[in-house]
Structures are given as C-alpha cells and as structure tokens.
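One structure is given here, and the rest of the page talks about it.
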Amino acid sequence: ATFYQRYHTLEDIYDWINRTAKDYPNTVKVILVGSSHEKRPLYALKLSLNNRPNKKAMWIDCGIHAREWISPAFCLFFVHYSLLFYNQNQAMTQILDNMDVYVLPVMNPDGYKYTWTNDRMWRKNRFPKKGTPCIGVDLNRNFDANWCTRGASDYPCSEIYCGAFPESEPESQAVANFLRSHKDSIQIYLSIHSYSQMLLMPYSCTMDEAENHSELYEMVKQAAENIRRYYRNIYTYGPGAKTIYLAPGGSDDWAHMLGIKYSFTFELQDRGRYGFLLPPSHIQGACNEALTAVKTIALKVMEKS
Ligand code: 0X9
Ligand code: ZN
C-alpha cells in the first residue's frame with residue numbers, strides 16, 4: 001500500500017507537511033494558523049498553482065474530530081492529488097487555475113495524537129476544564145453559530161460540550177481568525193468528517209433554510225449523483241439539521257454566516273459497518289468519492305463567478 005493508503009501518526013503528518021513544502025517550493029506554502037491547547041502547531045498548506053493575481057480560494061479542514069481518521073487521510077490525499085494531477089486531470093487543472101486552496105490536515109492535533117496513544121474513540125480536543133474531571137471541548141460545537149443551543153451541551157463531560165464561550169478553544173479560534181481575515185478571497189469552505197456518507201450544507205444550527213438554499217442543494221445533489229455514477233456508492237445530502245441532526249456551533253454554519261456562501265461538511269465512508277474504524281483498504285475509495293464531491297462543487301461555484 002502506498003503512503004496515501006495508510007493512516008499516519010501526527011509526527012508523520014508533520015514530517016509530510018515539511019516534505020511537501022520542500023518538494024514543491026514554488027507552489028506550496030506552509031502557514032502557521034495557530035496552535036493547539038497543548039501548544040502543537042496548526043499548519044495549513046496553501047496550494048497556489050499559478051501566479052494569476054486576485055485568485056479566489058477554497059478552504060478545506062480535516063481532523064476536527066480526533067477519531068475520524070479518514071479525514072486527515074483525505075487532506076493528505078487531496079494535496080498529493082492536486083500537485084500530481086495539475087495539468088493532467090482537466091477538472092483539477094481548471095480548479096487550480098482559478099483558485100488557491102488552503103488545506104489544514106489536522107485541526108485537532110492534541111485529540112488526534114490521543115487517539116493513537118490512549119483512546120482510539122476520542123472526539124474532542126484536550127482542554128482540561130477546571131473543577132471537573134472531564135476533558136475536552138467539541139470543536140464543532142464551539143463556533144459562534146447559535147452557540148450552545150439545542151444539539152450541544154454545556155456539561156463538560158459531554159461528547160458535544162460547547163466550551164465556555166464561542167471560540168473559547170485555540171483550535172477553533174485559529175480557524176475562525178484565519179477565515180475572518182481571508183473572507184474576501186475564500187469562496188468555498190469544506191470541513192471533512194466521518195462517518196455516514198453525507199454531503200451536508202447549512203444550516204445545522206437551525207431548521208431555517210439558508211438564503212442560497214437552492215444553489216447549495218443543487219451542488220450537493222449533483223456531487224452525490226456523480227459519486228453514485230462513478231463509484232456506485234450512496235451519499236445522502238441536504239441541510240445538516242434535516243439530514244443528520246440539529247447541531248449548533250459548527251464551523252460550516254459559522255463560515256456561511258461570515259459570508260462564505262459555499263460552505264459544506266462532508267461525512268465520508270462508511271455507513272456504519274466499521275464506522276470510525278474504517279480499514280486502510282477503504283481509504284482510497286473514500287478519498288476518491290470525496291474528491292469527486294470537491295471537484296463537482298468547485299466547478300459549479302466557478303460557473304457562477
Ligand atoms: O456532529 C457533528 O459535528 C458532525 N457529525 S460527526 O459525526 N462527524 O460528529 C456533523 C456536522 C454538521 N454540521 C454542523 N453541525 N454544523
Ligand atoms: Zn466529525
């Protein structure tokens with residue numbers, strides 16, 4: 001199996017980030033967007049395949065939830081594929097000619113590390129809440145989008161603990177700060193999770209429809225149709241609150257409210273047979289499916305501008 005058909009430790013991923021930047025000095029830049037509670041760096045890669053000025057951009061983050069190992073695996077695969085298939089694959093070339101891509105491979109490095117060393121099923125970050133025995137905030141409940149209403153918990157021991165206040169955690173704050181300061185160029189926000197094979201769009205924090213509901217719906221619908229056609233696998237799609245559950249404080253809803261109108265969360269393979277413990281032999285297939293969705297959405301967004 002190649003590097004991209006295996007899961008990697010946090011140290012291996014940091015090495016891979018360095019190596020990739022060294023191997024592609026003209027196209028890849030490493031950006032330190034912040035650091036975790038335990039002071040690990042949050043590195044994003046900026047892929048910029050040509051020097052066209054004033055390009056739009058797409059943001060992809062992976063590994064918000066520690067145990068969803070297929071997610072960082074996808075971010076690594078996506079960077080590799082972009083660099084290798086620029087000028088080979090038509091869709092990829094078109095996309096990268098028109099936009100830069102920011103990729104944050106592990107948004108929750110403390111949690112990810114912990115799933116390799118202590119508890120494979122850890123979800124949250126590793127913030128120790130004073131006065132309780134419990135550790136961790138759910139970073140995908142910590143953004144300022146109907147924060148800590150129904151679908152999140154203010155109980156620190158909960159798996160969906162929202163934190164003390166919006167952006168209380170350094171990991172979510174780092175991403176929010178970066179998106180705020182780049183919101184004029186970033187057109188597309190993608191957050192990669194697992195599992196359940198869903199392509200989700202805003203909103204998850206309310207039953208209300210996003211004002212661009214129909215164009216978002218067309219995009220996830222077509223992405224799911226393409227996955228079905230090419231890979232014969234079923235992805236469900238729609239607004240988060242109606243497709244999966246009401247869940248406030250998520251990064252996708254917050255990005256949409258910030259003005260990044262094309263905002264999505266993908267839940268990759270599988271549908272529950274292995275769940276978070278997706279075997280390495282399924283990585284390639286899961287990544288190909290997610291890549292199809294990314295391409296479909298990016299091309300559709302480009303048609304509009
Ligand atoms: O609950 C979540 O955060 C995501 N599902 S997961 O099983 N990966 O934990 C769904 C996120 C959908 N978007 C929002 N809730 N904003
Ligand atoms: Zn998740």
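Quick look at the numbers
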{"read-out": "From the options Tyr245, Tyr262, residue that is surrounded by fewer than 16 Cβ atoms within 10 Å (Cβ to Cβ), among the hydroxyl-bearing types (Ser, Thr, Tyr) and under 28 Å from Ala174 (Cβ atoms)", "value": "Tyr245"}
{"read-out": "Any pair with Cβ under 9 angstrom, 6 or more apart, that starts in the stretch 60-80 at a residue that is in contact (Cβ under 8 Å) with a residue 24 or more places away in the chain and ends at one that is buried (at least 24 other Cβ atoms within 10 Å of the Cβ) and among the basic types (Lys, Arg)", "value": "His65/Lys124; Ala66/Lys124"}
{"read-out": "Count of the stretch 70-120 residues which are touching a strand residue (DSSP E or B) at 6+ places or on another chain (Cβ under 9 Å), within 16 Å of ligand 1 (Cβ to nearest atom), assigned to a helix (DSSP H, G or I) and of a type outside the set (Gly, Ala, Ser)", "value": "4"}
{"read-out": "Residue count, the stretch 233-252 (criterion: away from ligand 2 (no atom under 13 Å from the Cβ), touching a Cys at 6+ places or on another chain (Cβ under 9 Å) and closer than 15 Å to Met198 by Cβ)", "value": "2"}
{"read-out": "Members of the stretch 1-32 found to be part of a strand (DSSP E or B) and of a type in the set (Lys, Arg), listed by number", "value": "Lys29"}
{"read-out": "Breaking point among (1) more than 21 Å from His282 (Cβ to Cβ); (2) of a type outside the set (Val, Ile, Thr); (3) in contact with an Asp or Glu (Cβ under 9 Å, 6 or more places away or on another chain), for Asn98", "value": "(3)"}
{"read-out": "Residues of the stretch 121-151 satisfying the condition of being surrounded by fewer than 24 Cβ atoms within 10 Å (Cβ to Cβ), within 13 Å of Gly250 (Cα to Cα) and near ligand 1 (Cβ under 10 Å from one of its atoms)", "value": "Asn146, Gly151"}
{"read-out": "Top-ranked residue of the stretch 274-305 - restricted to ones that are outside any helix (DSSP H, G or I) and not small (Gly, Ala, Ser), ranked as nearest to Ser263 (Cα to Cα)", "value": "Leu278"}
{"read-out": "Of residues in the stretch 171-193 being under 18 Å from Arg141 (Cβ atoms) and touching a strand residue (DSSP E or B) at 6+ places or on another chain (Cβ under 6 Å), the one farthest from ligand 1 (Cβ to nearest atom)", "value": "Ala174"}
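Each reported figure results from applying straightforward, stated rules to the coordinates on display, with no laboratory input. None of the values given here were measured: they were computed from a predicted structure. Cβ atoms come from the backbone with ideal geometry, glycine included; neighbour counts cover every protein chain shown.
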